[in-house]
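First the structure, in the form of structure tokens, and then the observations on it.
The values are calculated or read from the model by the stated rules, or taken from the named source; none is laboratory data. All values derive from a computational prediction rather than experimental measurement. All Cβ positions, even for glycine, are placed from backbone atoms using ideal geometry, and neighbour counts span all protein chains on display. SASA here: full protein model, heavy atoms, side chains in, ligands and nucleic acids out. Shrake-Rupley method; radii C 1.70, N 1.55, O 1.52, S 1.80 Å.
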Amino acid sequence: MKTLKLIFSFFFTDLRRIFTEPTFFTSLLLGSVALLAPFFILPSSSFVTAQSAVFPFAAPFLAALPFAAIYKTERETKYADLLKIRRGGKSYAVTRFFTVGIGGGFALMIPEILLLAVSFFINNAAVMDDLFRINYTLALSFPFGFVFAALAYAMTFITRSKIIAIITPEVLYLLFTYAFPYLDLEKYYPPFAIAPFIYGVADLQYIYLMFAAMFIVSLIITIIFEILTVKES
Amino acid sequence: MNIKYLKISLTEDFPAIRLIIAAMVITFAAVVTIYKYVDLSDSVSASFSSTETTILALSDMINRVFIFLPLYIFVVSGARLANGLGNTGILLQKSRAGVATNGILKVFFYTVLFAVILLIIVTATSQAAFPKADDFTRAFFGTSSAYGFRSDVLSETPSKVAVTLVTTMFLTYFTIGIINFFLSILLKEDAAFVLTVIIGIGAEAMIVQRSSALPLLPVVIVIAVIFILLSFAVLSRKNL
């Protein structure tokens, strides 16, 4: 019971920390620019067209930016040692996995809600007509952000550099985005996972398969790391 | 210059994991590019030769600027050119100029290693898909202008063009590696990596857009020499 209480107190403190982090606000600002600029520049743009113009290609980076490299930052500033003493030598890698994911999810969801508000304010009839597609897009943004932030977080245990950990999911994503149309794998086209109406119609089944695979891989890396660090101490 | 120290620093910071990751990504990119030319040769119903597809895959804009170059910088910056041992390195070397020479030799070594890996993978992939030929094929004559090759290239043999392309490409890569070494003296590893990627992509995109990179080669060499001299000058004053 005491352990559970410790885990929950850590979880909520960490969650509160995310929403005061400067990198979180940087990510929100970049995301808002990537969403609002196409909305005002493109002629006769709606929520869905503006959302699928630039945003899908920068989304993994925006999700990883807020909190994913926190482990490296805490190691650099020696704050990790203090946290370890406070938690009685227990590792907190897996608990943090979920807070990092939630932070990444909100980093993508809040700019989209802002775009929805702006487009509703300008032309509310178009928004009400398009409600199914808007809801579908909005619902996918949170799991997408969660999964990519978690992947970047898992990368921090493997690589030495902070920036490489943040950039790796984005690089993989862009590489597959470039390659899949040439390899006749269009139904696995990665931007479908966040912008399902970017072209044609996406199949939800593959999107969930991708989310699940990435979630499991990053969780396994984190758990292995947690076990290794517990043995060390 | 201490040969024993060079041997230690090459084996100590050997970026094995980064090289493996680079090899995987290169294989992926090579397969995708060759697949593109398989599709193309089906549509024009004429086969390329393997040397030609090697040339096309190496001079492809997206491959060369956005995939191979960042991977090269990723490998080279993993070698910890300047700040592997910090000031202890200077003590071990017994001279500051030795550290600079050591770093430049390291850049050269990893450039050659990267070039060998890249060439083996790309030629192996294109030879698996296309037959060998001594002269340029009809398919290449039909499509080469679309890929930015001038007509004077077609009067040479494919192997000559390939050798020229590879030399130019890796001399520019080596220069970018030297710039990365210079920046890693001044900045942290991460910052040097990001800055070099930005500078490198800009420079390389400019070179590729001019299609025939040969006239630029003296400029590239001069830039490399300037940065080598600059790193000697900075290292003689700055603590690592």
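Remarks
- Filter pass, A:F142 being under 28 Å from B:I34 (Cβ atoms) and in contact with a Gly (Cβ under 9 Å, 6 or more places away or on another chain): no
- Residues satisfying the stated conditions in the range A:54-78, i.e. in contact (Cβ under 8 Å) with a residue 40 or more places away in the chain and either in contact with a His (Cβ under 8 Å, 6 or more places away or on another chain) or charged (D, E, K, R) (or both): A:K72
- Selection status of B:L81, of a type outside the set (D, E), at pLDDT below 85 and under 25 Å from A:T168 (Cα atoms): yes
- Candidates B:L113, B:L69, filtered to the one that is within 14 Å of another protein chain (Cβ to nearest Cβ), surrounded by fewer than 24 Cβ atoms within 10 Å (Cβ to Cβ) and within 21 Å of A:I164 (Cβ to Cβ): B:L69
- When the residues of the range B:20-34 are filtered to those that are in contact (Cβ under 8 Å) with a residue 60 or more places away in the chain and open to solvent by 20 Å² or more (accessible area, probe 1.4 Å), the one that is nearest to the other protein chains (Cβ to nearest Cβ) is B:V31.
- B:V76 vs. criteria assigned to a helix (DSSP H, G or I), within 12 Å of chain A (Cβ to nearest Cβ) and either on the phi > 0 side of the Ramachandran plot or in contact (Cβ under 8 Å) with a residue 60 or more places away in the chain (or both): no
- In the range B:50-61, the residues that are at negative phi and among the hydrophobic types (A, V, I, L, M, F, W, C) reach residues that are open to solvent by less than 10 Å² (accessible area, probe 1.4 Å) and in a loop (DSSP other than H, G, I, E, B) with C-beta atoms within less than 8 angstrom, at least six apart or across chains, in these pairs: B:L56/B:F48.
- Residues that are within 14 Å of chain B (Cβ to nearest Cβ) and surrounded by fewer than 18 Cβ atoms within 10 Å (Cβ to Cβ) do not occur anywhere in the range A:204-214.
- Test: residue in the range A:40-48 that is assigned to a helix (DSSP H, G or I), modelled with pLDDT of 80 or more and open to solvent by less than 40 Å² (accessible area, probe 1.4 Å): yes
- Hits in the range B:157-188 - residues which are open to solvent by 40 Å² or more (accessible area, probe 1.4 Å) and within 14 Å of chain A (Cβ to nearest Cβ): B:L187, B:K188
- Subset of the range A:149-184 [within 9 Å of chain B (Cβ to nearest Cβ), within 19 Å of the chain's Cα centre (by Cα) and open to solvent by less than 20 Å² (accessible area, probe 1.4 Å)]: A:I164
- From the options B:L40, B:L10, residue that is more than 14 Å from every other protein chain (Cβ to nearest Cβ) and either among the hydrophobic types (A, V, I, L, M, F, W, C) or free of Cβ contacts under 8 Å to residues at least 40 places away in the same chain (or both): B:L10
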